[in-house]
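**Q** Below you'll find the structure I mean.
Just so it is clear, none of the values below were taken in a lab; they were calculated from the coordinates. All of these numbers come straight from a predicted model, not from anything done at the bench. Please note: Cβ atoms are built from the backbone with ideal geometry, for glycine as well, and neighbour counts cover all protein chains shown.
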Amino acid sequence: METFNLILDGRPYEAVAYAREVVARTLKGDVNNEELVISKSCRSFSEYVRPESQASVQTAKKLIEKGYDFIPGMKVSWIVVDGSVSPQLVEPYIVGEEFKYKPDYKYYAKRLANTLSSATEAFGWTDIDLLQNTKQTSLEAWNERKERINNKVFKNKKTDEILTLEEFM
């Protein structure tokens with residue numbers, strides 16, 4: 001939300017810098033586990049075509065193994081520990097219990113970069129650029145890029161009028 005707010009505030013340079021920082025921090029694992037938790041309702045296992053491929057079913061089954069009650073339709077929470085395999089591997093996240101597994105920080109950084117790039121692509125930063133943090137080659141190059149971002153023009157789709165970022169906002 002912060003990235004989008006900065007763009008709406010007319011501060012695209014800061015928005016891109018913030019997006020880069022958030023993705024880099026996530027990739028390094030410099031985040032709280034609570035920020036990585038995914039929660040979803042889980043129906044009865046028999047209602048899924050391939051229940052073993054569902055992260056919510058994996059989580060519910062692991063909770064049952066640990067002695068927790070499971071009622072179909074309840075919300076379960078997990079953290080992805082390996083997003084590179086199919087189905088991805090998840091471990092239940094239980095508030096108040098220590099999470100003893102290593103989250104797949106690359107998986108979360110990719111998700112963040114993908115989401116943030118929907119806003120940053122207008123300023124030349126794709127999801128891959130955010131993930132690799134490769135656009136800044138020098139302070140001088142970044143300052144030139146900042147100037148281009150701030151002077152970028154947009155076309156009004158309804159009137160074909162050319163607008164600056166300030167006018168566009």
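**Q** So how do 27-37, 87-97 stack up, highest first, on mean other-Cβ count within 10 Å?
**A** Ranking the peptides 27-37, 87-97 by packing returns 87-97, 27-37.
**Q** Specify whether the C-alpha gyration tensor of region 37-92 places it in the rounded, prolate or oblate class, a ≥ b ≥ c being the square roots of the eigenvalues: rounded for a/c under 1.5, otherwise prolate if a/b is larger than b/c and oblate if not.
**A** oblate
**Q** Could I ask something else about it? Calculated FRET efficiency, ARG43 and ALA17, Cβ-Cβ r, R0 41 Å, to nearest 0.05?
**A** With R0 = 41 Å, the Cβ-Cβ based efficiency is 0.45.
**Q** Same structure again: Given a Förster distance of 30 angstrom, what is the FRET efficiency for LYS75 paired with PHE4, based on the Cβ-Cβ distance and rounded to 0.05?
**A** My answer for the efficiency is 0.65.
**Q** Hey, another quick one. In which sequence would LYS100, LYS62 go, from the one with the fewest C-beta neighbours within 10 Å to the one with the most?
**A** Sorted ascending by nearby Cβ count, the order is LYS100, LYS62.
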